[in-house]
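Student: Before anything else, here's the structure in question.
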Amino acid sequence: MDRLRLIEEALESQPAAISRLTRVFGSSIVDQATEIEAAREELSVLTGYQPSRLSALETVCNEISTVASQDALDLLVGVRDLQKRFQERLEGYVSAESVVRHSCELLVESDGDAWPDMYADIERVNVVGISTLGTPLLEFLRALERTTSVTVHLYLRAQTGPRIADRLPARLQDSPTHHNVKTPSGAPPQLAKWLTTPATEIVAETRQHEARVAVALCESLLRERATVSEIAIVARDIDQYEQPLTRAASSYGRHLSVWTQLELTRTLPYRLLTATCSVLAAEATGQVDTETLFRPLTCYWLDPEAEDGHGNPPSLLTPAELSDLRRTLGANYSGSLQAWRDHLDATPSVAPSVRRRLQRYLEWCHHHSSSPQPDDILSVLGPVIDRFEQVVLPGIERRDTAAYTETSRAGRAVQRIAGDDDGEHLLREAREKFSRWRDRHQIEASWATVQEVIETIATARPGRREHDNAERIDVLDATDTWLRSYPFVIAMGFVDGCWPQQPHGMFPLELRTAVVRGDSPQARRLGIRGAWTEQRDYDHAADAIRTATTHLIATRFTEDIEGVRYQRSPLLDEIPTTEISDQAYHHLIGPDAVLPGHIRESLAGRTPPEGSDRR
């Protein structure tokens with residue numbers, strides 16, 4: 001679900017129910033949906049919306065100064081009331097945390113029987129790589145250990161791990177005193193502990209110059225003895241570097257595989273794509289259940305061809321309209337698309353405008369449900385994604401923050417799914433594979449198979465899935481380097497304020513400080529959001545540093561395009577680095593891409609992996 005849109009609707013329809021929020025955000029509260037959603041997520045991490053933890057948070061609020069206390073209490077009560085409205089008004093789950101909370105309830109209510117019914121062979125659950133242990137997940141893990149024979153093991157990270165482990169007894173209170181937690185003991189170590197290779201520091205003028213330096217390093221390494229599989233480019237936030245890196249790589253004739261923390265399969269455009277396939281596939285069985293039918297609509301499916309009489313696309317079915325439709329038509333109804341059309345015709349209570357849009361949706365699905373040909377993958381699904389880009393994406397942009405993070409993710413997903421007419425993208429690759437595998441009689445021509453092909457491509461490791469893509473250089477968020485290894489790691493963006501970022505949050509700083517310090521029993525019962533401290537960025541730095549097995553190259557920029565100056569990251573103070581000379585810098589970015597001497601020394605005596613290709 002698009003929670004920002006849900007929040008906007010709730011604020012517009014019943015402002016009195018969340019009047020406390022206006023004290024924090026002012027009268028133009030609808031324009032603050034992004035900030036309110038961030039506060040809702042923070043409150044979930046802190047309390048899981050459990051009454052006892054909400055009460056503990058309220059106690060902490062009352063212990064800080066008057067002004068901060070009032071703002072914190074207003075935010076707590078307002079967000080709590082908003083969450084209640086979601087639970088009362090909407091069917092389904094508002095967020096991933098809602099799914100976790102419901103799973104916890106199922107475990108407790110069934111006294112653990114729900115687990116072996118679904119996962120009979122799983123005896124151990126490992127939780128790895130987390131910097132934040134939110135309350136919903138913690139309560140689920142506690143319920144799992146209490147009600148089943150499953151053992152739970154936490155494998156925590158370098159800097160946040162000791163804090164999470166230290167606070168576990170207070171957060172679990174009446175749980176057994178023994179916990180299976182694997183974390184470094186004592187105080188968090190210096191970053192130098194994780195450095196096992198020589199480290200080089202390179203300073204560029206702007207982020208764009210820094211991107212050129214990173215790709216020049218890849219080029220010079222490849223011209224020597226390194227292979228593409230031995231190199232990784234890493235950044236704290238790779239979204240900030242994707243475009244300049246792509247442009248720089250193009251100038252060298254190189255190709256990148258850009259990994260992001262948010263995988264394609266978790267994006268709204270991708271969910272729309274697969275949900276549409278699911279409806280078309282279900283029609284082949286004659287049984288389209290309510291959940292399957294409504295899933296594309298919750299992902300903002302719009303008729304690719306219909307207009308509203310004024311030359312504009314028809315309006316989206318709102319979450320409230322979809323919720324009413326589910327109740328009116330029956331949450332357990334199932335049948336063919338024609339049966340659904342008959343069922344809708346026999347239900348007079350559906351509003352005329354809602355009826356017209358649902359009828360058109362059913363007609364479109366019925367028209368395209370026959371066995372697909374390869375070209376149908378583009379001609380049927382492509383316009384659905386195009387309409388999303390035309391109508392839904394601008395709405396996401398309007399609701400987004402100044403950083404345009406959600407817009408960037410959705411826009412990138414659209415590009416990867418449907419792309420340009422002549423470029424590579426998911427649908428074109430799915431068409432080619434579907435055609436090839438069908439001609440070899442390896443698959444049947446069905447929408448279920450189309451969905452399987454799309455999911456196979458989307459979940460494959462980028463840049464390594466087939467030989468013709470093997471020359472791609474991996475570009476990763478630092479958090480995704482956890483437990484990976486590459487001989488050469490180019491870690492970008494070691495700038496103060498970027499890596500580490502400044503701690504931030506929606507609750508007042510005084511409250512955040514009280515919770516993080518945990519000076520009172522009530523404060524220690526609460527979870528801590530990763531963005532509230534710099535420790536999460538230390539985790540990411542430690543991961544990036546220990547990913548390098550032969551040489552670490554740390555890069556940074558000194559100013560932005562507007563001339564604002566940036567300082568060296570304090571993280572670099574914790575590791576010994578050698579900065580290259582101006583002459584070596586210019587030789588590196590010059591036409592010959594000359595590798596600095598002490599980096600070349602790391603290549604001495606090495607033999608490329610057997611069967612590798614420097615490309």
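The values are calculated or read from the model by the stated rules, or taken from the named source; none is laboratory data. Treat the numbers as computed from the prediction; the structure is a model and nothing was measured. Positions of Cβ are generated from backbone atoms using ideal geometry, with glycine treated the same way; all protein chains shown enter the neighbour counts. For accessibility, only protein heavy atoms count, side chains too; no ligands or nucleic acids. Shrake-Rupley method; radii C 1.70, N 1.55, O 1.52, S 1.80 Å.
Student: Restrict the check to the range 353-361 and report whether at least one residue is under 31 Å from the mean Cα position of the chain (by Cα) and of a type in the set (Phe, Trp, Tyr).
Tutor: Within the range 353-361, one or more residues are under 31 Å from the mean Cα position of the chain (by Cα) and of a type in the set (Phe, Trp, Tyr).
Student: Across the range 467-478, what is the total count of residues that are open to solvent by 20 Å² or more (accessible area, probe 1.4 Å) and either charged (D, E, K, R) or modelled with pLDDT of 90 or more (or both)?
Tutor: Number satisfying all stated conditions: 3.
Student: For the range 300-321, give me the residue count where each residue is in contact with a Leu (Cβ under 6 Å, 6 or more places away or on another chain) and either of a type in the set (Asp, Glu) or assigned to a helix (DSSP H, G or I) (or both).
Tutor: 1
Student: Next question, about the same structure. Go through the range 225-251 residue by residue and tally those that are open to solvent by 50 Å² or more (accessible area, probe 1.4 Å) and not in a helix (DSSP H, G or I).
Tutor: 1
Student: How many residues does the range 58-81 hold that are of a type in the set (Val, Ile, Thr), farther than 14 Å from PHE25 by Cβ and in a helix (DSSP H, G or I)?
Tutor: 4
Student: Here's something else I'd like to know. Tell me, which residue of the range 252-280 that is small (Gly, Ala, Ser) and open to solvent by less than 20 Å² (accessible area, probe 1.4 Å) is farthest from SER369 (Cα to Cα)?
Tutor: The residue in question is SER257.
Student: Would you be able to say whether some residue in the range 168-190 is at pLDDT 90 or above, open to solvent by less than 20 Å² (accessible area, probe 1.4 Å) and within 23 Å of TRP499 (Cα to Cα)?
Tutor: Taking every residue of the range 168-190 in turn, none turns out to be at pLDDT 90 or above, open to solvent by less than 20 Å² (accessible area, probe 1.4 Å) and within 23 Å of TRP499 (Cα to Cα).
Student: Across the range 322-341, what is the total count of residues that are more than 16 Å from LEU362 (Cβ to Cβ) and not in a helix (DSSP H, G or I)?
Tutor: So the answer is 2.
Student: Applying the selection to the range 332-353, what residues are of a type outside the set (Asp, Glu), exposed (fewer than 14 other Cβ atoms within 10 Å of the Cβ) and closer than 22 Å to GLU291 by Cα?
Tutor: Scanning the range 332-353 gives ASN332, GLN338, ALA346, THR347, PRO348, SER349, ALA351, SER353.
Student: When you scan the range 479-512, how many residues do you find that are crowded, with 22+ Cβ neighbours inside 10 Å and within 14 Å of LEU572 (Cβ to Cβ)?
Tutor: The qualifying residues number 6.
Student: Which of (1) open to solvent by 50 Å² or more (accessible area, probe 1.4 Å); (2) part of a helix (DSSP H, G or I) does LEU572 not meet, given it meets every other one?
Tutor: Every condition holds for LEU572 apart from (1).
Student: Residue check, VAL213 against (1) β-branched (Val, Ile, Thr); (2) within 16 Å of ALA491 (Cα to Cα); (3) assigned to a loop (DSSP other than H, G, I, E, B), all met but one. Which one?
Tutor: The failed condition is (3).
Student: Any idea which residue in the range 545-568 is least open to solvent (accessible area, probe 1.4 Å), counting only those that are among the hydroxyl-bearing types (Ser, Thr, Tyr) and closer than 19 Å to GLN240 by Cβ?
Tutor: Checking each candidate, the answer is THR555.
Student: Restrict the check to the range 315-325 and report whether at least one residue is in contact (Cβ under 8 Å) with a residue 60 or more places away in the chain and closer than 16 Å to PRO304 by Cβ.
Tutor: Taking every residue of the range 315-325 in turn, at least one turns out to be in contact (Cβ under 8 Å) with a residue 60 or more places away in the chain and closer than 16 Å to PRO304 by Cβ.
Yes/no matrix, rows are residues, columns are (1) farther than 25 Å from ILE238 by Cβ; (2) over 30 Å from the mean Cα position of the chain (by Cα); (3) in contact (Cβ under 8 Å) with a residue 60 or more places away in the chain:
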{"site": "ASP496", "(1), (2), (3)": "no, no, yes"}
{"site": "SER520", "(1), (2), (3)": "yes, yes, yes"}
{"site": "ILE561", "(1), (2), (3)": "no, no, yes"}
{"site": "GLY590", "(1), (2), (3)": "yes, yes, no"}
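Student: Here is a check on your reading of the model: is GLY463 at pLDDT below 85, under 24 Å from the mean Cα position of the chain (by Cα) and open to solvent by less than 20 Å² (accessible area, probe 1.4 Å)?
Tutor: yes
Student: Condition test on GLU534, is it at pLDDT 90 or above and open to solvent by 20 Å² or more (accessible area, probe 1.4 Å)?
Tutor: yes
Student: Now, a different point. For the range 317-331, which positions are open to solvent by less than 30 Å² (accessible area, probe 1.4 Å) and among the polar types (S, T, N, Q)?
Tutor: If the condition is that a residue be open to solvent by less than 30 Å² (accessible area, probe 1.4 Å) and among the polar types (S, T, N, Q), then SER323 is the only one that fits.
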